[in-house]
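Input: a single structure, listed below in structure tokens.
Every number here is computed from the coordinates shown, using simple stated rules; none is lab data. Just so it is clear, the model here is predicted, and its values are computed rather than measured. So basically every Cβ, Gly included, is an ideal-geometry build from the backbone, and we count neighbours across all protein chains shown.
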Amino acid sequence: MKDYFKFNLKAEKLLIVWLAFMVLFVVPYVFLIVRIKDFIVPQHPLSIFGFYGILIVLVIIAYAVIFYMFKVTIEGVEYKGNGLIFDGTFGSFMGKFIGGLLLTIITLGIYSPWFITKIEKFFVDHTSHDSNKLEFAGAAGKLFKIMFFATFLPMMALIIVMVTLQFKNGLTNPNPMGKYINLFTLPIMIPYIYYLYKWMVNVKFREYTVRWETTFWNSIGTILLEIFLTIITVGIYYPLAGLRLYKYFMDRTVAESESGKKGFGYELEARKDFLFLWGQTLLTIITVGIYYPWACCKVTSRILSKTYTEQIVEVA
């Protein structure tokens, strides 16, 4: 028997938060970028610190708004007739966020795995269903290894190659690899994103542990195929690519305990889902983002209503 999720958040409730985000973050950010030359000028070297200071303030504002967006979104999810409850407070979140952001800046990014872990843990550990708390089980040390081996070392190797070619080609000549930098960065980022999300899907609920049952090469191949189809269709295929990847990984998500195993799944209707997502996207674009809360609620409701769990019967 399949147990389906539901999403009950009303767009009007999300609209207030979204408008706050547009007014407090998007408008000042666009103004800052447009007037960037007025902030950074040679005769005022200290203005660069003012510029980045404003950016940090905008990031803090963005995450303050994101807190409320996460809160109302979590509380909009329902499973087996009971909605999720989120009891995290704004003050506690901002304390963790500002402290983690400062430590990440001071340590030149080294603290970022611990920062990400604390934020992930905050949202998961303050969520409950039917009086049962969820618990995030991902370790910051493991995330540090992922970031170091999947991102830092490959990027350092790429930089060394770029610098070596630059010297061979002459410092005043364009780097022959410069215009292809994105093609070399993509193979680095895809494995990192895969390992990052696999690390994130590590949640304990009652006696169950929720995780991915995936293999690296099959997953990377699937991701690359969807990216390729998106590129050759000039982005038109993008909504379906996202849904196919969602289905691929949801079908490989399990909740396991000593007493048994439950599997997750998603019932994809490729044509209908594709047209629905594009319709909501176009309405959001036409209204210059004002329609976004309705699009977000409708898309999330459609996807969750076709996402389910069911008991897995293992054959001896």
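Tabulated results
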item: Kirkwood Rh and Cα Rg combined as Rg/Rh, the chain; result: 0.98
item: Hz values of 3J(HN,Hα) by residue in the range 139-144 - Karplus curve (6.51, -1.76, 1.60), Gly and Pro given as x; result: 9, 5, x, 5, 5, 4
item: Bridge type composition, the chain - antiparallel percent by DSSP, nearest 5; result: 100
item: Label point distance in nm, Ile285-Val163, each placed 7 Å from Cα along Cα→Cβ; result: 4.2
item: Cβ charges +1 (Lys, Arg) and -1 (Asp, Glu), total dipole of the chain, debye; result: 460
item: Gained length - Lys133 relative to Met1, 0.36 nm times residue gap less alpha-carbon distance; result: 45.1 nm
item: With at most 13 neighbouring Cβ atoms within 10 Å, loop trypsin sites (Lys or Arg not before Pro) (DSSP) excluded, longest segment of the chain; result: 81-205
item: The chain, relative contact order in percent, only Cα pairs under 8 angstrom and at least six apart counted; result: 20
item: FRET efficiency, 1/(1 + (r/R0)^6) with R0 45 Å, evaluated for Ile33 and Lys142 via beta carbons; result: 0.80
item: Local net charge near Lys10, Cβ-Cβ under 12 Å (Lys/Arg +1, Asp/Glu -1); result: 0
item: Extension gain (nm, one decimal) between Ile54 and Ile227, 0.36 nm per residue minus Cα-Cα; result: 58.8 nm
item: For the range 202-214, 3J(HN,Hα) per residue [Karplus equation, 6.51 cos²θ - 1.76 cosθ + 1.60, θ = phi - 60°, Hz, x = Gly/Pro]; result: 8, 10, 9, 9, 6, 8, 9, 10, 8, 7, 8, 10, 10
item: Spacing of the two label points (7 Å from each Cα toward its C-beta) at Leu108 and Leu19, in nm; result: 4.6
item: Highest-fluctuation residue, Thr117, Thr233, Thr300 considered, GNM on the chain with Cα pairs under 10 Å; result: Thr233
item: Charge tally in the Cβ shell below 14 Å around Ala270, where Lys, Arg are +1 and Asp, Glu are -1, Ala270 excluded; result: +2
item: Other-chain or far-sequence residues with amide H under 5 Å of Lys261's (modelled H); result: Ile312
item: Phi to ³J(HN,Hα) by Karplus 6.51 cos²θ - 1.76 cosθ + 1.60 over the range 186-194, Hz, x for Gly, Pro; result: 4, x, 7, 6, 4, x, 4, 5, 4
item: Spatial separation of Cα centroids for the range 191-270 and the range 123-155, in angstrom; result: 16
